[in-house]
Structures are given as structure tokens and as C-alpha cells.
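S.K.: Input: one structure, supplied below.
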Amino acid sequence: MLDAGLGDNWTGGSPRDGGPTISKWENLPILPELLRSIAKYGVGPPNKIQQRALPFLLRGADIIAQAPPTQERIAAYVIPAIQIALTWIANKPVNRGPFVVIVSTTVDQATQAQRMIRDLGGPIGVRSALGVGSAIGTNEVANEVRIMSQSMPHILCGTPQKLHAMFTNANPLPANEVRLLVLDEVDQLIARNLHDFVFNIVKLLPPPRSRPLPSNSSPLPGSQLPFGSYNEPGTSPSAPSPFQTQPRRFPSASAPSSAIGPSSSPPLVERQTALFSNTVPQDVLNLATAIQLREPVRVLVRRDGNVTHADTSNGARGLRQFYLYLAFTAGGGRLDGTTTPGAGLGIIGSGRGQSSAETAQAREWKLEALADLFDDVEVTQAIVHVGGMTALDSVVYKLASRGIDAVPLHGDMAPGAKLTALNKFRATNSLIMRQPVTKVLVVYDVQVKSPDVFQVPLVINYDLPKAVEEYAHRVAPAISSNYSRAGVVVNFVTATGGDVEMLRSIECFYKCPEVPMSLRDVI
């Protein structure tokens, strides 16, 4: 099981639910004074975006989070921002900062973030400031900066134009102490052509993380997990970006190479970056590349949530399609802040060639999620599509160990062997059997067409296809000839390997909400 060995920090840890869940703030590595402030403020238990983003942010990882704009999303970056500020307040002179810069596209979002920081962080000694409004008057900006410098904020929130003016005027705010940069509503920021302000700000900030933490040293006094300087063992700071093969709209916003070249001494301060966006088109990924996010973890939360009705609007007669988000990374990252030695945090990419990066532990968790899904439903037949022979063998073995009749079918089979496999899958259960056995056709590199197989109640894309056209062929056996028996499709989506990008492409043609808590209710 996925939650085995994770300790007491996790509850409800079933892979069928997309990974372990965090039921209490105490389950996260948050400083005690911040925990007390959260309780006093009356924040409810962690919701989905907080459950999925906070463990990675608190360990110092860069992230790209796709989630609807809500107060809960703001809290998902405000809480780690306050923790970083608390950590560094104790180790810096009184008037140093800012340690965190939060860039919001709109005045309203920036104001909401600053108010939350004020209410949560103010009583425990965290100073915050708001930089919004006109950035035209040089004298006015200089006066604001002068007043702000007298009591330097630990966390600075604002809009791109105003923050840019504050960091670039004649007597600017210092930018060399920034440990965390948050960009909110990134898709809107790009749509409003505000990204140049961000690029110019990023050039003034410390460089992104480039070194692994020493294994024999404590990350930071008073903190349980590292911030701002985290890199997994075995990764190289000079490794090419996973986006380099994609069209580049934005130039790099990095500092001059002479400042960060091999001959220069390692910087004492490194920057962690978090991007939050309502949608994640290619321009958002290009921006992430331009500002040098390091192996960013992808976090996915959708607004539409669970549905239990058939979607008949897209022409797929009665076909109901869902995605199951598996809350761990192919590089071995776990939501408890630990990793398999030598594993990375996971990367983003539109390519489908990342499966080789999966660790044995991540593969086992995915297999457990598949097995648990079959424990939750009662079907006589199902088709599972996989992306390789290794996955096919593993799925067949795992399902067989659960008493499921798993039948392999792949492209390297001779025609006679393929026909035998299809006949075995189509054959009805013996009448002498006390309990019918679920038959699962595990498919790789073969198109399963009607009338060979039709009206299968459940199709699972264990590995997503490479193209939407291939997806259409895969789901065809689940399409009913009438509305009385609609099929169900479940798409497994992990944080890496291009799964989220592929899901977004599929959603251009098919409605695909998150899988309901009990799949039995819709099959």
C-alpha cells in the first residue's frame, strides 16, 4: 500500500485516492508558532491544493501548480512564505529582507495575500508590505521605498509594475536576500504582457538552487526541512532544461553567465520559485524555463471535482471519463518530503519518454493504485492500456496476484497468439464457478477494435497515449451502442513525464473530471 511506511503524518493513504492525504496542519513540517497562528486564525483543515503543494514547497522544491484562484490557493503559498520568513528572522539582523517576494497579477490578489500574511504572520513577528498602484511617479515610488526601508518587510506582495519600480529605482529595495519568489495567476500575467517586469525583477534576485544540501548538516536553524537551496543528489546544475526542445517565446531571464559560471564561488543565497496558475499553456512552461525553475514538481487541482453523471455532450455515447491524479513524482519524490536516494523531484515535459526515470518505489505505488481500483469496482471485463513491455509484465503479475484473470496482448505477438488472447478475454466464465472472475485485457502497442471487443464497462489508461487520436481508439470499446450501459474510462495521471500536458490535450475533446471517491457508484 502507498501509505505503508510513511509514518503517522499520513491518514487515508490509499493510492486509489491519488496518494496519501493530509488531514491536519500538524502533519506538515510547520514551525510551532506558525501552527498556533493557523489554529488561532481559524483556518480549516488542508484542502486539496494545500495537501498537494505544501509538502513540496516546504521541502524547498520549485513547483508549477495548476489550480482555481481561491483563498485556499493563496494560503498554499502564504504559509511557506511565513515559515521562510520566521526561519531567517532569527538568523539575520533586525532590518534585513525581504526574504519572500510574491508577485500577483491583480491588485485584488496581492491585497488578499498581504492581508493573510498580516493576520497569520503579524502576531508572530513577520512584517509584510504591499506594493500596488501607479508606478509612474518616480518621486512617489522613491518615497515609498524610503519609508519601507525604515522597517524592512520580511515578505513583500505586489503587482509586477510596482514591484519592478521598487527594485529598480535610484535607491531600490534590496533583492539579494530573497529566498522564495511566488508568481500567482501566471497565465493572466502573460496574457496582460506583464512578463517583462517579472524578468527584470528575476535578474536582480539570487540565482536558482544549484547545489545539493550537505548530507551531514542541518538545513537551517529552527526548521525541519530545507528552503531555497535544495537539490536532489545526483542532479547536475548544468543539466539541460526539459523545455529546451519546445518553442521558446521568452528569452532567458538569468543573470550574466560570468556571475554564475564555474569559476565563481557558490552563492550563499539561492532562490526557490513557485508558479500558480489557473491554466498551464505552453507559454507558462516557457516562462518557467526562462526564469530557471529547477526540476519543478507539477501540482494539479481541478475545479470541476467529482461527477457521477454521464457526459453525452461530446458524441461519445454515454462514455464517462475521469482522471486519477497520483500524488507522487516519477523521480521518486514522496509527499512526506523524503526521496529515494539518487532520485529527482520530477520534471515537466511534453514528451512521453520519462518513464525510464521512474523509481522502483514509484512504479510499485502506481501498481498498488491500479490494484486498489479493481478492489473498488465489480466488473466482469476491463481493458488496461500500458506504455511498454515492462509495465505490461508488471501489471499482469500484480493483477494475477489479486485473483484477477489478466490476459496480456501486445504488438510482438504472432497473429495466432493475439487471437488466442482475445478469445480468452471474450470467453464467459464457467457456470461451475461460485464467483465470477474479473477478466482484464492488458494491452500494449495493439489497437483493440470492435467487433473483436465491444461494450467493455471499464477502460484504464495506466499510461496515457502519445496522441489524442490514439486515445480515441483506446476508449472506443467502452462506447455503448445505446444509453443503457455506458462505459467508464479512468486515466492515470502522474506529476511527471508529460501526463498533465497530455490530459489537457484530451480535455480539448472530452470532458474528464477527477475520479469520484467511489468509482463503484458510476460503473
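FYI, it's all coordinate maths here, none of it is from the lab. Just so it is clear, the model here is predicted, and its values are computed rather than measured. Note that each Cβ is placed from the backbone with ideal geometry, even for glycine, and that neighbours are counted across all protein chains shown.
S.K.: If neighbour count is taken as other Cβ atoms inside 10 Å, put Glu470, Glu364, Glu177, Glu295 in order from fewest to most. Could you put the intermediate results ahead of the total?
M.R.: Details: Glu470 13, Glu364 16, Glu177 19, Glu295 23.
With the sparsest Cβ surroundings first, the list reads Glu470, Glu364, Glu177, Glu295.
S.K.: Among Met413, Met517, what is the fewest-to-most ranking by other Cβ atoms within 10 Å?
M.R.: Values: Met413 15, Met517 12.
By the 10 Å Cβ count, ascending: Met517, Met413.
S.K.: Take Ser104, Ser37, Ser401 and order them by how many other Cβ atoms sit within 10 Å, fewest up front. Could you put the intermediate results ahead of the total?
M.R.: On the way: Ser104 27, Ser37 22, Ser401 11.
Lowest to highest Cβ neighbour count: Ser401, Ser37, Ser104.
S.K.: Out of residues 5 or more away from Val448 or on other chains, whose amide H comes under 5 Å of its own, with H placed 1.01 Å from N in the peptide plane?
M.R.: none
S.K.: Additional query: Given the pairs Lys366/Lys466; Lys366/Lys424; Lys466/Lys511; Lys24/Lys398; Lys418/Lys511, which are separated by over 24 angstrom at their Cα positions?
M.R.: The answer is Lys366/Lys424; Lys24/Lys398; Lys418/Lys511.
S.K.: Can I ask one more? Kindly identify the range 69-167 as rounded, prolate or oblate by the Cα gyration tensor criterion: order the square roots of the eigenvalues as a ≥ b ≥ c, call it rounded if a/c is under 1.5, otherwise compare a/b with b/c, prolate if a/b is larger, else oblate.
M.R.: Numbers: a/c = 2.27, a/b = 1.15, b/c = 1.98.
Oblate shape, in that a/c is at least 1.5 and b/c is the bigger or equal ratio.
S.K.: Report the rotationally averaged projected area of the range 396-475 based on its alpha-carbon convex hull, in square nanometres. Walk me through the intermediate numbers first.
M.R.: Details: hull surface 24.7 nm².
One quarter of the hull surface, i.e. the mean projection, equals 6.2 nm².
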